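Just below is one structure, and these are the notes that go with it.
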Amino acid sequence: MPAPTAAAADTTVTNSSRSRNQWTVLACFSIAFCLLIPNLIILWILTSNTSPNTNGNYEFGSHIDHVRFVQRTNNGNENDVHDVHRPSSLHLSRSSSRLNNNTQKKGVYNKTAFPGFSNTPTTVRCGGHSALTCADCPQGNGRAWCNGECEWDYTHEHCGRSTKLLHIHPDYFRIIDRYAFQPVKNNNDEYVNVIMVRSPFRNKDDEELYHYYKDEILFLGISSYESFPLTSPNPYSSRYESSYYLNMFPGFLHMMHHPTQYFPRSVKTILMSQSDFNLEEPYRFGQKHEDEEIMYDFVYSGGDQDVETDCVGWASYNKNFSFVREALEVMCSEEYNVTGVLVANKNKANTKACTIPSSCEGKIVQTTFLDQRQFFTYLSQSRWVFLPQICDASPRVSTQALSMNKPLLMNRNIMGGWKYLLPGVTGEEFHDINDFKVKLRTILDNTRGKESPYKPLEFVRENYGNDIAGIRLLEFVKSHWGDRVELPDGTKFLVPTGA
């Protein structure tokens, strides 16, 4: 075999060198590609899951740990400092009081056993009874006694905490045992990790409880009690500064005409009251009794009147009974000859009633405190509802009446409930005794005939109730605190309950 020539050798060397260079370039490109792609993916995740919230603040998607810092301005308002991954110690120290609104991870609860609970034993609700723990619920009776907060584990034949409650704080039920704190449920009757504060704190312990748990439970204020969060004009109520509660919670369900005049910009607000919800019961009752014989012109609900002091006191002030007496002088006169029912105007023993004008004898019925069904019965037998009160944030009788297709005669100065009154549609409104006669005559003439021009049922079904107000509340919570509240699957609306 002949030896290779010099030219052939040179060609072999050149090809070998070119091949090594090509492999070197390819290796460099491969390494660069491997390093670049993961970084591009991370960058895409961060940027594609960042979107502005309703206030124009950008927040990362809920699957990424997110911290939003709050920095006070010179005028006392707060500015959100967002998209910060490595806060300085100055940011951390200045924002510690407000981090509760944004930093809590869903379903992670580190604070339990509030010191104020130390004097009361820890118990769980087993259904029809209570026990120290879920394991103690059965008491030898097996799964039939494992209900409420607990759930039977068929695999291990054991009673443990219900899986339906894993998204709410372990101390949730101990908190809502206190009057000021009101639970929230969804459309499937499941509790969610939101608690409404419906009244001023009853004592210092309530306030300490709120501050203890506010990082792990979303607390929102709600107008349900007198003029809360504003100071009550009721001389029999406790006193506090309005500003005390206006800036305490991250959000508030209010009943004000002009909320921006009261709440700071940092507080998210929505025009919503307790009386917007739970209207199916009066609606069904009204439908069932729509042909009930009409026996009275009006019904007035006094709550639980101060009968022993002749309707002078806390409850009577809230229901404006002093004006009722003045109005009865007009209504019971021969000119108007009104018939009506004053609910809860007698003591529970049915032995004493609040004094009313003698001209009302035989025209006005005074009752003891009634249960819901008894009240609805009187309501179904009346033409309209009388709402003279002013110091009332959420008059549930108003929407209950509308749900039973009954119009309202309402005081224009009422703190809450004014949004339910559309003159000529859901009833009539008066300012004081000076125009009361005119409005009384109007509603009497419109309801004593065969046909009424009012459309109360149509109005309330189109604007209120769980399937409307509840959806609005759900969107309110999700839009502002979706990163904090883990909602059960199938949640379509939220409802404040237990009031």
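The values are calculated or read from the model by the stated rules, or taken from the named source; none is laboratory data. Just so it is clear, the structure is predicted and the values come from calculations on it, not from any experiment. Here the Cβ positions follow ideal geometry from the backbone for every residue, glycine too, while neighbour counts run over all protein chains shown. Side chains included, ligands, DNA and RNA excluded: accessible areas come from the protein's heavy atoms. Shrake-Rupley method; radii C 1.70, N 1.55, O 1.52, S 1.80 Å.
Below are the figures for this structure:
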item: Estimated FRET transfer efficiency (residue 348, residue 258; beta-carbon r; R0 25 Å; 0.05); result: 0.05
item: Label point distance in nm, residue 163-residue 244, each placed 7 Å from Cα along Cα→Cβ; result: 4.6 nm
item: Label-point separation, residue 122 to residue 361 (7 Å along Cα→Cβ), nm; result: 6.5 nm
item: Percent carbon-and-sulfur accessible area, segment 209-290, ignoring ligands, DNA and RNA, probe 1.4 Å; result: 47 percent
item: Protection-proxy order for peptides 233-241, 385-393, each taking the mean of Cβ atoms within 10 Å per residue, highest first; result: 385-393, 233-241
item: Of 319/348; 185/214; 204/319; 406/439; 288/492, those spanning more than 23 Å from alpha-carbon to alpha-carbon; result: 204/319; 288/492
item: Accessible area of residue 230 in the full protein assembly, 1.4 Å probe (Å², nearest 10); result: 40 Å²
item: Separation in nanometres of the label points that stand 7 Å from Cα toward Cβ, at residue 479 and residue 204; result: 4.0 nm
item: More than 19 angstrom apart: percent of Cα pairs within segment 389-499; result: 55 percent
item: Computed lengthening from residue 136 to residue 412, 0.36 nm per intervening residue step minus Cα-Cα distance; result: 93.9 nm
item: Share of carbon and sulfur in the accessible heavy-atom surface of segment 425-498 [1.4 Å probe, %]; result: 47 percent
item: Dipole magnitude of segment 170-252 about its Cα centre (Cβ charges: Lys, Arg +1; Asp, Glu -1), debye to nearest 20; result: 240 debye
item: Rounded D (µm²/s) - segment 281-369, Kirkwood Rh over Cα pairs, Stokes-Einstein at 4 °C, 1.567 mPa s; result: 93 µm²/s
item: Surface accessible to a 1.4 Å probe, residue 211 within the full protein complex, Å²; result: 80 Å²
